[in-house]
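**Q** Can you read through this structure? Questions will come right after.
The values are calculated or read from the model by the stated rules, or taken from the named source; none is laboratory data. Everything numeric here is computed off the predicted structure, so don't read it as measured data. Methodologically, a virtual Cβ is constructed for each residue, glycine included, from the backbone with ideal geometry; neighbour enumeration extends over all protein chains shown.
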Amino acid sequence: MDKKNQYKIAEIIQNYNYEITDSIAKKIKRDFRKSKKLGENYILSKDKLESYKNEKSLKIIFTQEEIAKYFNDIPNKEIKEYIINIVENTKDV
């Protein structure tokens, strides 16, 4: 994380007595890296931390055979985006 966001985390912890759990820290890191990759500016806020706290996640496990059958030419890091793209394009069907 850049110093600006490190200071922001410290400020939020101090001013709001906020606890940064491992789960929230991972989400901060995920979004920071994602915004950096996209060339966007990541700005942490108390509201963003609250959204991380309320964020739900779902873990789906595919066997090696399923990955080979359905995602053969797709790098593992891109499978999630691939699935989301399919769902978004077929939800109106």
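**Q** If only one of N41, N15 is exposed (fewer than 14 other Cβ atoms within 10 Å of the Cβ), out of contact with any Asp or Glu (no Cβ under 9 Å at 6 or more places or on another chain) and assigned to a loop (DSSP other than H, G, I, E, B), which one is it?
**A** Criteria check complete, one pass: N41.
**Q** Would the stretch 19-38 turn up any residue that is part of a loop (DSSP other than H, G, I, E, B), within 25 Å of E78 (Cα to Cα) and at pLDDT 90 or above?
**A** Yes, the conditions are met somewhere in the stretch 19-38.
**Q** Quickly run through the stretch 10-33 and pick out the residues that are in contact (Cβ under 8 Å) with a residue 24 or more places away in the chain and over 14 Å from E50 (Cβ atoms).
**A** Selection gives K29, F32.
**Q** Before we move on, is S51 assigned to a helix (DSSP H, G or I), of a type in the set (S, T, Y) and within 12 Å of the chain's Cα centre (by Cα)?
**A** Yes.
**Q** Have a look at K56, K4, K77, K46 and point out the one that is in contact with a Phe, Trp or Tyr (Cβ under 7 Å, 6 or more places away or on another chain) and modelled with pLDDT under 90.
**A** None of the others qualify; the one that does is K46.
**Q** Out of the residues in the stretch 54-76 meeting the condition of being surrounded by fewer than 13 Cβ atoms within 10 Å (Cβ to Cβ) and part of a helix (DSSP H, G or I), tell me which one is nearest to the chain's Cα centre (by Cα).
**A** N54
This table checks each residue for (1) over 14 Å from K27 (Cβ atoms); (2) among the small types (G, A, S).
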{"residue": "L44", "(1), (2)": "no, no"}
{"residue": "S51", "(1), (2)": "no, yes"}
{"residue": "N54", "(1), (2)": "no, no"}
{"residue": "K59", "(1), (2)": "yes, no"}
{"residue": "I74", "(1), (2)": "yes, no"}
{"residue": "K80", "(1), (2)": "yes, no"}
{"residue": "K91", "(1), (2)": "yes, no"}
